[in-house]
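The next block holds one structure in the form of structure tokens; read it before the comments.
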Amino acid sequence: MASILVIEDDPILKNLLGHAFSGKYDTVYASDGNEALALFDQHKPSLVLLDLMLPSMDGFAVLESIRSRTDETKNTPVIVVSNLGQDSDRERAKTLGANDYLVKANVSVEEIIEKIENTLSA
């Protein structure tokens, strides 16, 4: 079973995703950037769902940290799911190595799951 690290500080969205992923994926949750990187090291997930607006360390810094690793985990797919919808944020995330970028207001949980499945099967 694929494992997903969900980096999200919104408890409601975390709960929604938890229900949606139940039985499909092994899921680990982080609420801030520092916790996310510790869990990334510990679990070596198949995919990361990353919010950008996080306490302590933002998602851009988390993404940069993952992509600057020297082992095979640096290629772990990262899908950004954020409220930041500006082209500049989208471009910055893509430049830092995000595989995909979804704006929370424009996407359903079903669409997130579809993106995950497509990314994992690519």
- Local electrostatic count at ASP71 - Lys and Arg +1, Asp and Glu -1, tallied over other residues with Cβ under 15 Å: +2
- Message: Which residues among region 1-21 fall inside the zone where the amide N is under 18 Å from a point 7 Å beyond the Cα of THR119, along Cα→Cβ?
- Response: 1-10, 13-21
- Applying the gyration tensor rule to the Cα atoms of region 62-122 (axes a ≥ b ≥ c; rounded if a/c under 1.5, else prolate if a/b exceeds b/c, else oblate), the class is oblate
- Would you tell me the accessible area of ASP58, worked out with a 1.4 angstrom probe on the heavy atoms of the protein chains, in Å² to the nearest 10? 60 Å²
- Between ASP41 and LYS94, the FRET efficiency computed from the C-beta separation at R0 = 25 Å comes out, to the nearest 0.05, as 0.55
- Query: Alpha carbon centre of region 39-58 versus region 60-122: separation in Å?
  - Reply: 11 Å
- Task: Determine which residues of region 12-39 fall in the zone a paramagnetic label at VAL109 would reach in this model, i.e. backbone nitrogen under 13 Å from the point 7 Å along Cα→Cβ.
- Result: 12-24
- Item | Environment charge of VAL6, counting only residues whose C-beta is closer than 14 Å and scoring Lys/Arg +1, Asp/Glu -1 | -3
- In the chain, lysine pairs 8 or more places apart or on different chains with C-alpha atoms under 14 Å apart total 4
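The values are calculated or read from the model by the stated rules, or taken from the named source; none is laboratory data. None of the values given here were measured: they were computed from a predicted structure. Glycine gets a Cβ as well: all are built from the backbone with ideal geometry, and neighbour counts include every protein chain shown. The area values use the complete protein model at the heavy-atom level, side chains included, leaving out ligands, DNA and RNA. Shrake-Rupley method; radii C 1.70, N 1.55, O 1.52, S 1.80 Å.
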